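Below is one structure, written out as structure tokens; comments come after it.
The values are calculated or read from the model by the stated rules, or taken from the named source; none is laboratory data. The shown structure was predicted, so the numbers you read here are calculated from the model rather than taken from an experiment. Glycine also receives a Cβ, built like all others from the backbone with ideal geometry; neighbour counts cover every protein chain displayed. The area values use the complete protein model at the heavy-atom level, side chains included, leaving out ligands, DNA and RNA. Shrake-Rupley method; radii C 1.70, N 1.55, O 1.52, S 1.80 Å.
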Amino acid sequence: MDTLDRILDPLAIELPSWAFGNSGTRFKVFGSPGTARTIEEKIADAATVHRLTGLAPAVALHIPWDAVDDYRALRAHAESLGVRLGTVNSNTFQDESYKFGSLTHVDRSVRQKAIDHHLTCIDIMHETGSRDLKIWLADGTNYPGQGDIRARQERLADSLHTIYSNLGDDQRLVLEYKFFEPAMYTTDVPDWGTAFVHVAALGERAVVCLDTGHHAPGTNVEFIVAQLLRVGKLGAFDLNSRFYADDDLMVGAADPFQLYRILVEVLRAGALASDSDVTLMLDQCHNIEQKVPAQIRSVLNVQEMVARAALLDLDALETAQQSNDVLTANAVFMDAFYTDVRPLVAQWRSRRGLPADPVAAYAQSGYQQEIERVRVGGTQSSWAS
Ligand code: PSV
Ligand code: MN
């Protein structure tokens, strides 16, 4: 098997259920014909992405958006469509009681409510077969003096400890950071350093999630990737693109070169191998574009950039680095990035019985027309409701 196949074959990208529901900005959430109304329909859409690309075997859930009565039945539904249920994302950002915080709240009863929500998520994970509990907190303050920064960290550490100690033996706690929003002054988990401090205190099965959209402009994200991988604490990626803030646009759309630089680090750390513990997940919203083909485009963008990273001549790079040959090192690095890998990846697909052009195959499949015809009535899924 050649190097490219060895690297592309195990590539698996987890899709977010919420990508298949409606989304928008604080100004407006637009509906769109054919949007999934239930988690079962979202899973069917995700399975379509996997069927056409061979890249997306798992679907992440968000609770309570995707809450159902019977998670074993949901798991069976997913498996019958050829995908599995992946990361369970908790949600403590849409309940009235969390106005001033959740796991950090000054009131013990609110903290307990937020902890209990995570324990419910752990119960769900036992049913769905999910390994990871992903926590992103909206906790923070808007004004200087509003909260005791240190005391909030203590309460957070305590709450996380209780959640961590309730995990099953094979389960992990994945802590996601974001530098601002919705809190505008302090955020309780604003950066990778804070996330690292907390997961390091918890133990081996606590790791960091890096959402590529959660950094200030100019941040060298691949440096953070390299550092967290180096110490074994990078558990998951939420991949997407940003132009301005947390835009959640299609990965590889805004800055393909950054995606390449990140994936070079991931590949060099061995984190794309089939036995890797690093989950590659998309965290995207499709506000104005069709959702299923946008997810197809996104996983293809990741695959193409992995292929470019795979073409990087590591021996030539190392030789140049060792001799401090700056220009050659940079040229070697750029050569792989500038290679058009699309024909190679299309061949990889054809060899596996997949459509050479999955976006075109989707357009021709009639799936979009069918969901627009059938999904009439009911309430379209949305994170706004
Ligand atoms: C927060 O902005 C975030 O990135 C977290 O991962 C949430 O769970 C997700 O977005 C939901 O939209
Ligand atoms: Mn995220």
- Task: Could you do me a favour and compute the accessible area per residue for the chain, 1.4 Å probe, result in Å²?
- Result: 45 Å²
- Message: Under 10 Å, Cα contacts only: if you run a Gaussian network model on the chain, which one of Glu176, Glu372, Glu222 comes out with the highest mean-square fluctuation?
- Response: Glu372
- Message: With an 8 Å Cα cut-off and a minimum separation of 6 or more residues, compute the relative contact order for region 2-374 in percent.
- Response: 19 percent
- Roll a 1.4 angstrom probe over the protein heavy atoms and tell me the percent of accessible area of the chain that is carbon or sulfur. 52 percent
- Which value, to two decimals, describes the C-alpha radius of gyration of region 311-355 once divided by 2.2 N^0.38 Å? 1.58
- For the chain, what is the calculated [θ] at 222 nm in deg cm²/dmol (nearest 500), taking -39500 (n - 2.57) for each run of four or more DSSP H residues and dividing by its residue count? -14000 deg cm²/dmol
- Calculated FRET efficiency for the pair Asn324/Lys28, C-beta based, R₀ 56 Å, to 0.05: 0.55
- Query: Which of the peptides 72-84, 254-266 is most tightly packed, and how do the rest follow, going by the mean number of other Cβ atoms within 10 Å of each residue?
  - Reply: 254-266, 72-84
- Task: For Phe223, tell me the accessible area in Å² from a 1.4 Å probe, rounded to the nearest 10.
- Result: 120 Å²
- Note on the structure: Over 21 Å (Cα to Cα) among Lys99/Lys178; Lys134/Lys178; Lys178/Lys291; Lys42/Lys134 -> Lys178/Lys291
- Approximate shape of region 1-79 as ellipsoid semi-axes (Cα gyration tensor, √5λ), whole Å, largest first: 27, 17, 11
- Item | Where Arg205, Arg26, Arg308 fall by accessible area, highest first, once all protein chains stay in place (1.4 Å) | Arg26, Arg205, Arg308
- Dimensions in Å of region 146-205 - Rg and Dmax from alpha carbons: 12.3, 39
- Rounded accessible area of His214 (nearest 10 Å², 1.4 Å probe): 10 Å²
- Using heavy-atom solvent-accessible surface (probe 1.4 Å) with all chains present, what is the largest-first order of Trp383, Trp136? Trp383, Trp136
- Query: In the chain, what percentage of the DSSP-assigned beta bridges are antiparallel, given to the nearest 5?
  - Reply: 10 percent
- Note on the structure: So the pair-distance distribution of region 251-385, from every Cα-Cα distance in 10 Å bins, comes to percents of 10, 30, 32, 18, 7, 3, 0
- Does anything in region 139-168 have its amide N under 18 Å from the 7 Å Cα→Cβ label point of Gln94, and if so which residues? 139
- Task: May I ask for the percentage of alpha-carbon pairs in region 2-374 that lie more than 25 Å from each other?
- Result: 55 percent
